[in-house]
Amino acid sequence: MSWIKEGELSLWERFCANIIKAGPMPKHIAFIMDGNRRYARKCQVERQEGHSQGFNKLAETLRWCLNLGILEVTVYAFSIENFKRSKSEVDGLMDLARQKFSRLMEEQEKLQKHGVCIRVLGDLHLLPLDLQELIAQAVQATKNYNKCFLNVCFAYTSRHEISNAVREMAWGVEQGLLDPRYPYLFSMVTNRETSAPLLSRSLGWKSNRDACRQI
């Protein structure tokens, strides 16, 4: 599935969008991609299918954000802690990432049309080399777009990111590259100053007694 789903909203979707737009609209939303394995268990499908369906739900969510005028989205996709899962599941997630970043490179026209800047945050050295290269290509290809921003957190933990940022800033100060009196040092991590005012824990798979359904 495409990262950027295009097409007109349905009548019901337009109705819902107009209701949402009537209130205050955040400029930046963060999503934690959670619940894919629970969905797979509930619906009795393979874990990899659960992760694939989770990406499809992400694509739908990004479509909503685009239509609502939300200019920045952060997606917490794969934590360093996830490397502790079984080798087959981790390998499957790496394969899924390869597929999706390869697809991203095929959607250059859409990315340019909407001005989407892709940024991938995390300790990318922990990833397979070929995946690192795909990510670098996506970041490089969209670095000059500035209408909206998609931050993908991959191989991250908050503690790891903070400690790395502090370590790099300390090195920069030591080398005379940074002024320790600069009040916005932490904004240099992403070159942006907007934090996410809204955080969603799950992209959402919800089950009832009779069936699994997407929310």
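Below, the figures for the structure above:
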read-out	value
Length-normalised contact order of segment 25-157 in % [C-alpha pairs under 8 Å, at least 6 apart]	31
Entries in 21/143; 27/100; 27/84; 57/147 that, when Cα-Cα distance is taken, lie over 31 Å	27/84
Probe 1.4 Å, protein heavy atoms only - accessible area per residue of segment 25-157 in square angstrom	48
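The values are calculated or read from the model by the stated rules, or taken from the named source; none is laboratory data. From a predicted model like this one, the values you see are computed outputs, not experimental measurements. Heavy atoms of the whole protein, side chains included, go into the accessibility calculation; ligands, DNA and RNA do not. Shrake-Rupley method; radii C 1.70, N 1.55, O 1.52, S 1.80 Å.
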